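One structure is given below, encoded as structure tokens.
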Amino acid sequence: MRQEIEIEFKNMVTKEEFQTLCDAFHIKTFTTQINHYFETPDFSLRNEGSALRIREKNNTYTLTLKQPAQIGLLETHQSLTKAEAKQIIQTGVIPDGPIAIQLENLGIPRTLTYYGCLSTERAEIHYQDGLLVFDHSFYFDHNDYELEYEVTDEEKKKDFLSLLRSYNIPMRSTQNKVQRFFLAKQQNAD
């Protein structure tokens with residue numbers, strides 16, 4: 001088990017803004033990652049401000065529970081084999097381990113519903129004292145572009161805002177990927 005506090009700032013960008021930033025930072029190579037999302041039928045995780053996913057990246061599989069923290073989000077990670085990941089996707093049953101314990105502490109059952117996946121083409125570079133992340137995501141019939149800045153100190157938000165200003169990119173209200181995923185899923189169901 002690994003836990004960490006995630007502090008990140010994000011902003012949706014247009015395709016043109018994304019390309020301008022990629023050109024400015026010489027971004028040419030992207031890595032594909034796939035997030036597989038789980039939830040209860042009555043959205044117990046969302047109601048707790050939490051989210052559960054399996055991230056598939058470079059032939060590795062990580063089960064991650066995100067929960068609210070005093071600052072940012074507490075992420076609990078559990079490594080999985082490909083077979084374990086496939087089993088969870090097929091059955092929704094979370095295996096023994098730190099995630100199951102965290103779910104139990106939240107009063108959430110260990111059997112969840114698999115809702116689908118979101119695929120992202122991602123590039124990351126070090127910027128100032130953080131990690132600048134360029135994401136092009138695909139889910140259902142949507143695709144979007146996002147810039148993230150992952151840091152260890154909330155005070156670094158000024159660096160992110162300064163970067164946006166320097167490229168004349170307005171600050172936009174930006175939901176996280178899991179929120180965008182479930183909104184798109186709901187829209188597809190309507």
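Couple of notes before you dig in:
- Here the stretch 165-190 is the region considered, the condition is being of a type in the set (D, E, K, R) and within 21 Å of the chain's Cα centre (by Cα), and the residue that is surrounded by the most Cβ atoms within 10 Å (Cβ to Cβ) is LYS177.
- Output for the stretch 55-88, where each listed residue is of a type in the set (Val, Ile, Thr), free of Cβ contacts under 8 Å to residues at least 60 places away in the same chain and surrounded by 15 or more Cβ atoms within 10 Å (Cβ to Cβ): THR62, THR64, ILE88
- Check on PHE138, closer than 30 Å to ASP42 by Cα and without any contact (Cβ under 8 Å) to a residue 60 or more places away in the chain: yes
- Where a residue in the stretch 152-165 is modelled with pLDDT of 95 or more and its partner, wherever it lies, is open to solvent by less than 50 Å² (accessible area, probe 1.4 Å) and assigned to a helix (DSSP H, G or I), with Cβ under 9 Å and at least six apart: LEU163/LEU21
- Members of the stretch 82-124 that are of a type outside the set (S, T, N, Q), assigned to a strand (DSSP E or B) and within 30 Å of PHE134 (Cβ to Cβ): TYR114, TYR115, GLY116, CYS117, LEU118, GLU121, ARG122, ALA123, GLU124
- Count of residues meeting criterion [in contact with a strand residue (DSSP E or B) (Cβ under 9 Å, 6 or more places away or on another chain) and either among the acidic types (Asp, Glu) or free of Cβ contacts under 8 Å to residues at least 24 places away in the same chain (or both)] in the stretch 33-54: 3
- Comparison of PHE134, PHE138 shows that the only residue that is within 30 Å of ALA189 (Cα to Cα), open to solvent by 30 Å² or more (accessible area, probe 1.4 Å) and outside any helix (DSSP H, G or I) is PHE138.
- Being open to solvent by 20 Å² or more (accessible area, probe 1.4 Å) and either out of contact with any helix residue (DSSP H, G or I) (no Cβ under 7 Å at 6 or more places or on another chain) or free of Cβ contacts under 8 Å to residues at least 12 places away in the same chain (or both) holds for only one residue in THR113, THR120, and it is THR113.
- Residues located in the stretch 35-45, provided they are open to solvent by 40 Å² or more (accessible area, probe 1.4 Å) and touching a Ser or Thr at 6+ places or on another chain (Cβ under 9 Å): PRO41
- Residue in the stretch 9-18 that is over 30 Å from GLU155 (Cα atoms), part of a loop (DSSP other than H, G, I, E, B) and either within 19 Å of the chain's Cα centre (by Cα) or touching a residue at least 12 places away in the same chain (Cβ under 8 Å) (or both) present: no
The values are calculated or read from the model by the stated rules, or taken from the named source; none is laboratory data. Only a predicted model underlies this, so the values are computations on that prediction, with no experimental measurement involved. Positions of Cβ are backbone-derived with ideal geometry, glycine not excepted, and every protein chain shown enters the neighbour counts. These area figures cover heavy atoms from the full protein model, side chains too; ligands, DNA and RNA do not enter into them. Shrake-Rupley method; radii C 1.70, N 1.55, O 1.52, S 1.80 Å.
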